Amino acid sequence: MRYLPLTDTDRQTMLGQIGVGSVDDLFVDVPASAQREGTVDLPRHLGEMQVERQLSAMAAKNMTASSVPFFCGAGAYKHHVPATVDHIIQRSEFLTSYTPYQPEITQGTLQYLFEFQTQVSELTGMPVANASMYDGSTATAEAVLMAHRVTRKSRAVLSARLHPHYTAVVENLSEMGGFAVAQNRVGDASKVSEAEDLLALIDDDTSCVVIQNPDFFGNVSDFSALAAAVQERGCLLIAVVPEIVSLGLLKRPGDMGADIVTGEGQSIGNGLNFGGPYVGLFAAKQKHIRQMPGRLCGETVDADGQRGFVLTLSTREQHIRRDKATSNICTNSGLCSLAFTAHMTLLGGKGLRHLAQLNHAHAVQLSQKLSAIEGVELLTPAFFNEFSLRLPTSAAGVVEALAEKGVLGGVPVSRLSPDAGLNDVLVVAATEANTQEDIAAYAAALKEVLA
Amino acid sequence: MSEKQTFSGNRGLQLEEPLIFEIGSYQNCGVDLDDVPDVASCLGDCAAPGNADLPGLSEPEAMRHFVRLSQKNHAIDAGLYPLGSCTMKHNPRLNEKMARLPGFSDIHPLQPQATVQGALELMDDLAHWLKTLTGLPAVALSPKAGAHGELCGMMAIRAAIEAKGELATRNRVLVPESAHGTNPATAALLGFKVDGIPANAEGRVDLAAFKEKLGDDVAAIMLTNPNTCGLFERDIIEIADALHAVGGYFYCDGANFNAIVGRVRPGDLGVDAMHINLHKTFSTPHGGGGPGSGPTVLSDRLAPFAPLPFVVSGEDGFSLVETMGDARLGADENPFGRMVAFHGQMGMYVRALSYMMSHGADGLRQVAEDAVLNANYILASLRDVMTAPFDNGPKAPCMHEALFDDSFLKDTGLDTLDFAKAMIDEGYHPMTMYFPLVVHGAMLIEPTETESKASLDLFIATMRDLVKGAKEGDMARFKNAPELAPRRRLDETQAARNPILRWHEPTAKAQAAE
């Protein structure tokens, strides 16, 4: 077997040195009733070529984003990832290293984590960021728990326009942890501001208000006034950024007064991958660092006085604090954060703005083309690279019909929120990856489907 | 050995590398982007005034920056990485190639399900392999890592307790003192009271102490098997039976599944829930600390509470059950909710399945046997010079990892940390240190099955030399170590006391002082 170096001769020699007769003697502690003769009922080993053949056949059954006009978003976005990024993350020294427990021989990982934290801090406008979380949804759920710790309260208020999966993840973790969640009613997607509704939901036990910008429907807005009003009530404002490229053009959540910023970093450096692995972003204010979840990398010096980096403030973490830890989290999303940092380094602030402008321009063009079709209404007056349309019929049906025409036209709200009464609403994203031909093809196909 | 100081700070191929922010330019960009079409902006009141304050690097500069950083890392591809409980095995490159097939990497989680039938088939196949290998009837694929899988399993247990109306009274979780820190952290996160169980003199759960702790208020035990001392819990079936008799659930931490994969099915041991680290047992890369993946297998008692989403197959092919209101959910199915956006770590599913198919049922059994053989070979080759706390000769083998304590360093003036740092100078990544907590100065060595005998022999020889050096009083070799790594020992106290968690532009004053 190609992954196993021991030969039968090696095995016999080693068993002899150990002082046992057979490998079965090494499993003597397994109860007799659980000892199995022979192998489990699964196929036998395969050569590389056979594995590749079988998995390629499976892969070929899927319609890839690059092969068709593609406009799905809703928390996962199709962006071009430079070839350099994929090469860097496949470097053996990054790919096959572990969590940097021995900092003297993992400075490579530690330095890019420090660079990642700096980039996330700068993009979000927050003083500190951690070394990444599993994804945007789990980062948001952890942010809510952190707000409870900081304020010593136990109820969260959620925007109606938080990504429905994020809402579900927050609700699940909160309910299981014995905390309360109040979500604003799922309202009309076009309603410009829900600030008053959110403020009305705050009670004495509320620790935080969670909003998303751009929101699930694509709306963007300056939430400074809401943040100030939330803080006046003794609560933290948690701002969720589902599309990190938006920060190339939008006001930074930190500058608008957010206390905690979470986000999905997939768009920079990471492919769609059918939903994972992605990279959760988590940024907060300096005064709250000891309440943050997840790994933190910090600067220090070595015995010769040279600058170096270590994992730090680990007294917050489970391997030290056990049941008193701020979170049960152990790994972060290391390699995905490296992809993020490598891509972000290639872009720089200047390139990110250019990329964001392209995204926005394509979305504006697409929104104009699609909303010109009879019966189609644009619901989002201000947006970044994603917007919502009200269709004259079921959005899910339209998406299926578009797919048959070879256009992946977006995400129907009903797929995520079947009970929201928004069956006619479609969320559509455009990025730099879309060509003018893609945009024209979508408009033509939608016109046909609705005719 | 040359002590030569260089002008540049570089030492031959070992190159110093500044931070991006110290070498990048605010004008530079390493990506060529299309011209922006001329359209009116629709950003409302949310438009930012200017660029993010981040420098860029051209492509050659970026490549050099990250390659130089990479050369400061130890990695399994470069050498033995015997971190106990981490299963640092070879990561096959076929897995990387398969995960990058556009049919898996370039599909959106919410595109119509008719357009992703191959992806759903792969998830269904992976689920079949995991269920068969563990002998358990259900699996939740979506947890993002081991600790997240623990959370999933304990959430399912909590949901089952709630369904029986016992949530108020059944709230104590038993956790052995040798457990991973994630176990008590997970139980506490869900509002359970954590109650420790001591280890007995042979490094296993103290059965009598465990039975004394049992009662109607016990929700679960969280037990790692093989345990973190590298030992199979001999009484595991008796533990499971006694626990089930009082209505509790058996959560098994599957971090050490590599020791028994293909040979022992956790379902045959009475396990109700167990997470599987695809990044340990099934060879997906650790990536410097993630991304992991922690599918969680569930017993019949817990299967009805499995979280959303999951794949079902029918006449029209495969589809996902994604929402609570899904009409296909049976009356007895009551998912406890959702743990993640979308469907989990698809990229890791592909890699893990590619690995399983490569090994097959026969190869996976050999994996467990070779992993256990390698660990016992290390134990047998070092027990005369180091001290193995629960060792009792060849009749009492360890499983996939060999545990030593620091008593062999008694009177040398050295501790486990010193010994570990000296290993770095010898070209080895140290073993897991100071864990498990049940022995003093623990050194937990897990070689995995992907080390050759020649590699183990070199490692053993080096370890024996180091022990000899320690006992002969060669203090400097240990106290000053590492001296040959990219950095010497780092000041962790300063890092924690005055946390510097991001780069800041040096102030004019500080610059003038330099």
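Rule-based calculations on the coordinates, nothing more; no lab input. Just so you know, these numbers come straight off a predicted model, no measurement behind them. Backbone-built Cβ (ideal geometry, glycine too); neighbour counts: all protein chains shown.
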Eigenvalues of the alpha-carbon gyration tensor of chain A, times 5 and square-rooted, give semi-axes in Å, largest first, of 41, 31, 23
Rounded to the nearest 500, the 222 nm mean residue ellipticity computed for chain A from DSSP H runs (n ≥ 4, each -39500 (n - 2.57)) alone is -11500 deg cm²/dmol
At 25 °C and 0.890 mPa s, the Stokes-Einstein diffusion coefficient in µm²/s for chain B, with hydrodynamic radius from the Kirkwood sum on alpha carbon pairs, is 95
The relative contact order of chain A, taking Cα pairs under 8 Å that sit 6 or more residues apart, comes to a percentage of 20
Here segment B:99-218 gives, from Cα atoms, an Rg and Dmax in Å of 19.3, 58
In the neighbourhood of A:PRO31 defined by beta carbon distances under 9 Å, the net charge of the other residues (Lys, Arg +1; Asp, Glu -1) is -3
Percent antiparallel among DSSP beta bridges confined to the protein assembly as shown, nearest 5, equals 60
Sorted largest first, the Cα spans of segment B:94-353 on the principal axes come out in Å as 56, 41, 28
Per residue convex hull volume, Cα only, segment A:1-144, in Å³ is 289
Rounded to whole angstroms and listed largest first, the alpha-carbon spread of segment A:83-343 along its three principal axes comes to 56, 41, 30
Sequence order, segment A:319-329: Karplus ³J(HN,Hα) from phi using 6.51 cos²θ - 1.76 cosθ + 1.60, θ = phi - 60°, Hz rounded, Gly and Pro as x, gives 6, 9, 8, 6, 6, 9, 5, 6, 7, 8, 5
Out of B:HIS108, B:ALA127, B:MET274 - ranked by how far each Cα lies towards the positive end of the dipole of chain B, with unit charges on the beta-carbon of charged residues - the top one is B:MET274
Here segment B:287-304 yields Karplus 3J(HN,Hα) values (6.51, -1.76, 1.60; θ = phi - 60°; whole Hz; Gly and Pro given as x) of x, x, x, x, x, x, 6, x, x, 10, 7, 9, 7, 3, 5, 9, 3, x
Filtered hits (aspartates and glutamates, Cα-Cα < 15 Å from A:LYS153, offset >= 8 within chain) -> A:GLU142, A:GLU175, A:ASP203, A:ASP204, A:ASP205
Rounded to 0.05, the calculated FRET efficiency for the beta carbons of A:ARG152 and A:SER193 at R₀ = 22 Å is 0.15
Here D for segment B:180-241, in µm²/s, from Stokes-Einstein with a Kirkwood Rh over Cα pairs at 37 °C and 0.692 mPa s, works out to 263
Toy charge model, Lys and Arg Cβ at +1, Asp and Glu Cβ at -1: segment A:112-261 dipole around Cα centroid in debye, rounded to 20, equals 140
Note on segment B:1-116: alpha-carbon gyration tensor, axes a ≥ b ≥ c; rule is a/c under 1.5 for rounded, else prolate if a/b larger than b/c, else oblate; result oblate
Taking placed amide H atoms and a strict 5 Å upper bound, the residues 5 or more places from A:VAL181 or on another chain that come that close are A:ALA156
Cα-based Rg/(2.2 N^0.38 Å) for the protein assembly as shown, rounded to two decimals, is 0.91
Using alpha-carbon coordinates alone, the radius of gyration and Dmax of segment B:368-495 in Å work out to 14.6, 48
Shielding of B:364-372 by other chains, given as the mean Cβ count within 10 Å, works out to 5
Straight-line reach check, A:LYS287, cutoff 15 Å on alpha carbons, 8 or more apart in-chain or any other chain, hits among aspartates and glutamates -> A:ASP259
Toy charge model, Lys and Arg Cβ at +1, Asp and Glu Cβ at -1: chain B dipole around Cα centroid in debye, rounded to 20, equals 860
Within chain A, the percent of DSSP beta bridges that are antiparallel, given to the nearest 5, stands at 55
Magnitude of the Cβ-charge dipole (Lys and Arg +1, Asp and Glu -1) of the protein assembly as shown about the Cα centre, nearest 20 debye, reported as 980
Unit-weight point scatterers at every alpha-carbon of segment A:94-230, Debye formula, q = 0.09, 0.10, 0.18 1/Å: log10 I(q)/I(0) is -0.35, -0.42, -1.07
Relative contact order of segment A:275-424 (C-alpha contacts under 8 Å, at least 6 apart) in percent is 12
Of all DSSP beta bridges with both partners in segment B:213-300, the antiparallel percent, nearest 5, is 30
Straight-line reach check, B:LYS395, cutoff 19 Å on alpha carbons, 8 or more apart in-chain or any other chain, hits among aspartates and glutamates -> A:ASP24, A:ASP25, A:ASP29, B:GLU202, B:GLU233, B:ASP235, B:GLU369, B:ASP370, B:ASP384
Relative contact order in percent for segment B:325-428 (Cα pairs under 8 Å, 6+ apart) equals 19
Compactness summary of segment A:341-451: radius of gyration and Dmax from Cα atoms, Å, are 15.0, 47
